[in-house]
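What follows is one structure encoded as structure tokens, with my remarks underneath.
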Amino acid sequence: MEIRAARAEDESALVRVHAVAFGRTDEAEIARRLHARGVECVSLGAFEDGEMIGHVLFSPVSVDGHTFSHPPLGLGPVGVLTGLQRAGTGIALCTAGIEACRARGAPFLVVLGHPTYYPRFGFVPAVRFGLSFGDMPPRDAFMAMELVPGALAGVRGPVRYGPEFG
């Protein structure tokens, strides 16, 4: 398996991966719209024999009332073709993506996802840092991870994803 940055020519494969993985097109449309708008994301594909079998996206997020020298990023969507799930592709994509986010200077990451899956990467409930998902009350499924030690010291408030997540 090869993991590399997704390119413009990978768009139809990326859309197919998310549509198949989720059984709907919502996640594929988020990724497509972010790419079309030119948002600087970490977008990685997993390939076997030249075919995209998985994709992960990290896109900029904001925290109300705070500015950062490098934008924090939100993980998601991440999808792997049905039938190839539970074989380590998602873990490999997330791990490579987290390292790419670290290399690009992201201070921290957030994810809204399964509370038993994402802690393996170092995510903890975001409420520990005083972060919430938009205007919703704290939930265990909303998690954060500092990539720069102390990056979340003094940062409190609702996290906002881009309008593509509407």
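Bear in mind that the values in this text are calculations on the coordinates, not laboratory data. Please read these numbers as outputs of a predicted model, since none were measured by experiment. Positions of Cβ are generated from backbone atoms using ideal geometry, with glycine treated the same way; all protein chains shown enter the neighbour counts.
Can you tell me, using C-alpha contacts under 8 Å and at least 6 residues apart, the relative contact order of region 2-165 as a whole percent?
21
Charges only on Cβ, +1 for Lys and Arg, -1 for Asp and Glu: so what's the dipole of the chain about the Cα centre, in debye to the nearest 20?
Here the size comes out at about 400 debye.
Place the peptides 8-16, 71-79 in order of packing, highest mean first, counting for every residue the other Cβ atoms within 10 Å and averaging per peptide.
71-79, 8-16
Along the charge dipole of the chain, Cβ charges K/R +1 and D/E -1, which of Ala151, Pro77, Ala141 sits furthest on the positive end?
Ala151
So between Arg120 and Val20, what do we pick up on full extension, going 0.36 nm a residue minus the alpha carbon distance?
Result for the pair: 33.5 nm of gain on full extension.
Run the helix sum for the chain: -39,500 (n - 2.57) per DSSP H stretch of 4+ residues, divided by residue count, reported at 222 nm to the nearest 500 deg cm²/dmol.
-7500 deg cm²/dmol
Want the number for Arg33 to Ala103: 0.36 nm per residue separation, take away the alpha-carbon distance, what's left?
Length gained, Arg33 through Ala103: 22.8 nm.
Neighbour counts of other C-beta atoms within 10 Å: give me Thr82, Thr67 arranged from fewest to most.
The fewest-first ordering by Cβ neighbours comes to Thr67, Thr82.
If each of His70 and Gln85 carries a label point 7 Å out from its Cα toward its Cβ, how far apart are those two points in nm?
3.2
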